[in-house]
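Report on one structure; see the data block that follows.
The values are calculated or read from the model by the stated rules, or taken from the named source; none is laboratory data. As the structure is a prediction and not an experimental result, all values here were calculated from the model. Cβ atoms come from the backbone with ideal geometry, glycine included; neighbour counts cover every protein chain shown.
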Amino acid sequence: MRYRTVTVSVALALGLSLPAHASLPGEGISVQAFHSPIAEEKFQTIIVNKALAKLGYDIKPIKEVDYSAGYTALANGDITFTTTNWYPLHNSMYKNAGGDDKFYRKGTYISGAAQGYLIDKKTADKYGIDSIDDLKDPKLAKLFDTDGDGKADLAGCQAGWGCEGVIEHQLTEFKLRDSITHKQGQYAAIISDTIARFKQGDSVLYYTWTPYWVSGKLVPGKDVVWLEVPYSANPNGTDTELPNGKNYGFDINSERIVANKKWAENNPAAAKLFEIMKLPINAVSAENMMISNGEDSLKDIERHADLWIKANLKTFNQWVETAKQAAQ
């Protein structure tokens, strides 16, 4: 902004006319995003930030906080937006933090995010395991025992993410607590250990989701298989059966952009941008794989975002121009 001010002053002093273009809708307005402390959520957030920058907004560094704290800060106006509202997984957190009275949410940013339980294909084929209910059999459960207590150890969901509530609900609902232990902690460490055991030829049982790099390392249908659940039993009360008749126990989720409602109402260009942006899930998965291969610094992820924008520049520019028009 200082450069623009100096330019205007010089032009006036010399009696020159200024360009006729209107100022950008975001000039002088700060914007700050949050995502959870997962590097794999940064790419999609940076792309939105870069579009907001084209609208003139002053982009503040992304905050990394747990979802529940992030939604509270968002409702209070301490944070502007998030790109990682998992819908419907985060419905309870969204509602508890104020819901539609506090938040602006239109459109869907990323679609088709699957999640559920998987085991290695070798064990599945050998013992005919295709449902998590099969692990009620102590002999089958013991195949996935990593600590010697005779129970299957599920590499599960990190506390505070929302998925842990679904897993805990289903372990009780399907009467699996006597045969499965839900192992929680830092997910990155737990899943890395799981992948190492798979490479050693051990049987593995784990939870994961897409888009994420795990399914690039342990490829469903090739290395591992999804386990079905006996019937829909989700805390959201939804029917999780897919059109093909399969039921993996979790809704197919979307990632939606959520902003502070008052801020969005005062910034129609940004609100329109949040509504219309769409990012292919395969693009996120591919970028997540680069992170897992060591390109995990902020500079690396910024470069990933720049490369995606360059490859999709027409679409990106259309988003920005449509958003500008909303401010007129």
(request) Could you pull out the residue among Asn312, Asn260, Asn253, Asn293 that is more than 25 Å from Ser30 (Cβ to Cβ) and touching a Gly at 6+ places or on another chain (Cβ under 9 Å)? (result) Asn253
(request) Restricting attention to helices (runs of 4 or more DSSP H) lying wholly within region 90-151, give those where 2 or more residues are more than 21 Å from the chain's Cα centre (by Cα), under 21 Å from Leu218 (Cα atoms) and touching a residue at least 40 places away in the same chain (Cβ under 8 Å). (result) 121-127
(request) Just need a number here: residues in region 281-327 that are touching a residue at least 12 places away in the same chain (Cβ under 8 Å) and either in contact with a Pro (Cβ under 9 Å, 6 or more places away or on another chain) or among the aliphatic types (A, V, I, L, M) (or both). (result) 19
(request) State whether the residues of region 112-123 include one that is surrounded by fewer than 18 Cβ atoms within 10 Å (Cβ to Cβ), assigned by TED's automatic domain parsing to the domain that holds Gln158 and modelled with pLDDT of 95 or more. (result) yes
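From the list Ala69, Ala152, exactly one residue is under 20 Å from Val204 (Cβ atoms) and either surrounded by 19 or more Cβ atoms within 10 Å (Cβ to Cβ) or not aromatic (Phe, Trp, Tyr) (or both). Which is it?
Numbers: Ala69 fails: under 20 Å from Val204 (Cβ atoms).
Criteria check complete, one pass: Ala152.
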(message) Please return the ranges of helices (runs of 4 or more DSSP H) entirely within region 230-318 where 3 or more residues are of a type in the set (Val, Ile, Thr).
(response) 281-292
(message) If Asp223 satisfies all but one of (1) exposed (fewer than 15 other Cβ atoms within 10 Å of the Cβ); (2) assigned by TED's automatic domain parsing to the domain that holds Ile190; (3) acidic (Asp, Glu), what's the number of the condition it fails?
(response) (1)
